[in-house]
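Notes follow once the structure below has been shown.
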Ligand SMILES: Nc1ncnc2c1ncn2[C@@H]1O[C@H](COP(=O)(O)OP(=O)(O)O)[C@@H](O)[C@H]1O
Ligand SMILES: [Mg+2]
């Protein structure tokens, strides 16, 4: 597990910088944190750093956005998904395996279907935000 403290948007850009250094095509990053904690901000910062052709937006009204670029990014927001059947209809498995890096906000429904992924938990500690990054491999030994 790796822990980052963020007292400013610029600190969160540093988290995105770190992700840029480790993420590879087809990696999946689950983002857990309350509304306003900075999930979308982190995805936007990441997309800016890797220069996607499409700027990241807030996908709350769409369930998924795809940002094109040399390294494409999928940005899912499952806030409005409540049932397994809705998840099934998305065809998400295909989307995760076509070379993009995928970020998923509100990932509760999908997590049990994934074997290897990163998870970032965001929470407030006083005035600052904490970003905890976990690498999860269920084929192996669990959270690190
Ligand atoms: N340290 C910080 N890290 C991330 N966002 C921050 C920070 N400080 C202030 N913000 C602001 O907080 C808001 C987070 O909103 P957003 O990323 O949409 O949250 P979420 O997607 O988790 O609901 C943004 O308006 C962002 O500018
Ligand atoms: Mg959001």
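Since every read-out is calculated from the coordinates, none of them should be taken as a lab result. Bear in mind that the values here come from a model prediction, so they are computed numbers and not experimental data. A quick note on method: Cβ atoms are made from the backbone with ideal geometry, for glycine too, and the neighbour counts reach across all protein chains shown.
Before moving on, here are some points about what is shown:
- Every condition in (1) in contact with a strand residue (DSSP E or B) (Cβ under 6 Å, 6 or more places away or on another chain); (2) assigned to a helix (DSSP H, G or I); (3) in contact (Cβ under 8 Å) with a residue 60 or more places away in the chain is met by residue 30 except one, and the failing one is (2).
- Unmet requirement for residue 33, which otherwise passes all of (1) under 18 Å from residue 101 (Cβ atoms); (2) crowded, with 18+ Cβ neighbours inside 10 Å; (3) touching a helix residue (DSSP H, G or I) at 6+ places or on another chain (Cβ under 7 Å): (1)
- Looking only at residues of the stretch 1-14 that are more than 8 Å from ligand 1 (Cβ to nearest atom) and either in contact with a strand residue (DSSP E or B) (Cβ under 8 Å, 6 or more places away or on another chain) or in contact (Cβ under 8 Å) with a residue 40 or more places away in the chain (or both), we find that the one that is farthest from residue 40 (Cα to Cα) is 1.
- Here 122, 101, 110, 63 are screened, and the one residue that is surrounded by 17 or more Cβ atoms within 10 Å (Cβ to Cβ), in contact (Cβ under 8 Å) with a residue 12 or more places away in the chain and farther than 23 Å from residue 35 by Cβ is 101.
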